[in-house]
Amino acid sequence: MNLLTCSLVTFGLALAAGCGSEASGTTGAAATAAPAAGEGPARPTPPGAGPTIQWFGQSAFLVTTPKGTRVLMDPVPAELGYLLPPPVACHVVTISHEHFDHTNVAMAAGTPEILRGLTKDKAGWETIDKKIGDVHIRTVGTYHDDKKGAERGLNAVFVLEFDGWRIAHLGDLGHLLTPDQIAAIGAVDVLLVPVGGAFTIDAAGATKVVDQLRPRTTIIPMHYKTDRLKKDLPLAPVDGYVAGKANVRHLDGTELKVVPRPSGAPPEIVIMNYL
Ligand SMILES: [Zn+2]
């Protein structure tokens, strides 16, 4: 694929010319210094509308900031069974770890920057801390299991910050977070959290991790069994995670427009739809 492909993708991409390039400049985006998440947000409520988030199944999301920067996260391969869109125009692709269900960079159109959370030999974490468009992207090292990576290796949490919003994509997190990891992630507005178990934290683990991070606005479960998932992966459906929880919303379409919650309102759990 090339820049021409990038500009041809039918997503009304205002920033197509910048596809794959790194923009510079600063905005009023949240700084990296953040209070410990469990202590409640000391930050002002993000101003106005937040990002648009589209799910493609498993852990693959396209996050589009209000200013139009497009971040494709953990792109999914067609072999899992989800219907994939035409190549997705985006400025950057993030990859939490190198397992096949998170690394289909061919999902992206053009030549976006590819940010891999792990080093080439997968034995360490890359230190990612950079700005692309209006998004500050950084990573926090974690593990794919609860044995410090002995079973399934390392995993990187990707944190996106823009316009006062903070999104955390937990990748294939396999354990509860340490205080250092919670502090490094910071106070989260939108949390993308695996819930399907077997390879990641399960419903109970995800519930605990959500309690650790206390996202302010939205919780989006991912990496669970759906009727589309063809590959024989022993994932649990999302039901176990949402059972007994309040503020659950099933999205009709595939795109969620995130808006601030009313003051004092608990976060919503949004069950995304897929193509
Ligand atoms: Zn996975």
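Distances between placed amide hydrogens fall under 5 Å for ASN155 paired with THR142, TYR143, HIS144, all partners being 5 or more residues away or on another chain. When a/c reaches 1.5 or more, the comparison of a/b and b/c decides; with that in mind, is the stretch 159-264 rounded, prolate or oblate per its Cα gyration tensor? Note, shape of the stretch 159-264 comes out oblate. The phi-based Karplus calculation (6.51 cos²θ - 1.76 cosθ + 1.60; θ = phi - 60°) puts the 3J(HN,Hα) values of the stretch 88-101 at 8, 5, 7, 8, 7, 10, 10, 10, 6, 6, 9, 7, 4, 7 Hz, whole numbers, x for Gly and Pro.
Net length available on complete extension from THR111 to ASN273 is 55.6 nm, with 0.36 nm assigned per residue and the Cα-Cα distance removed. On the basis of the beta-carbon distance and an R0 of 41 Å, PHE100 and SER263 show a calculated FRET efficiency of 0.45. With the simple spin-label model, which puts each label point 7 Å out from Cα in the Cβ direction, the THR52 to ALA78 separation comes to 2.5 nm. Here the simple spin-label model places points 7 Å from the Cα toward Cβ, and for ALA236 and GLU151 these points are separated by 1.4 nm. For the cross-link pairs LYS120/LYS231; LYS147/LYS225; LYS131/LYS208; LYS147/LYS208; LYS122/LYS208, the ones whose C-alpha atoms lie over 20 Å apart are LYS120/LYS231; LYS147/LYS225; LYS131/LYS208; LYS122/LYS208.
The phi torsions of the stretch 252-269, fed into the Karplus equation with coefficients 6.51, -1.76 and 1.60 and a -60° offset, translate into couplings of 6, x, 9, 10, 9, 9, 7, 10, x, 7, x, 3, x, 6, x, x, 8, 9 Hz, rounded to whole numbers, with Gly and Pro shown as x. Less than 5 angstrom separates the built amide H of ILE128 from those of THR139, all sequence-distant by 5 or more or on a different chain.
Rounded to the nearest 0.05, the FRET efficiency derived from the C-beta distance between ASP252 and ILE128 at R0 = 35 Å is 0.55. Residues LYS147, LYS67 in ascending order of nearby Cβ atoms (within 10 Å, fewest first): LYS147, LYS67.
For HIS223, the amide hydrogen comes within under 5 Å of the amide hydrogens of GLN58, SER59, counting only partners 5 or more places away or on other chains and with H modelled in the peptide plane.
Every number here is computed from the coordinates shown, using simple stated rules; none is lab data. On a predicted model such as this, the values are computed, not experimentally measured, just so you know. Every residue, glycine among them, receives a Cβ derived from its backbone with ideal geometry; neighbour counts consider all protein chains shown.
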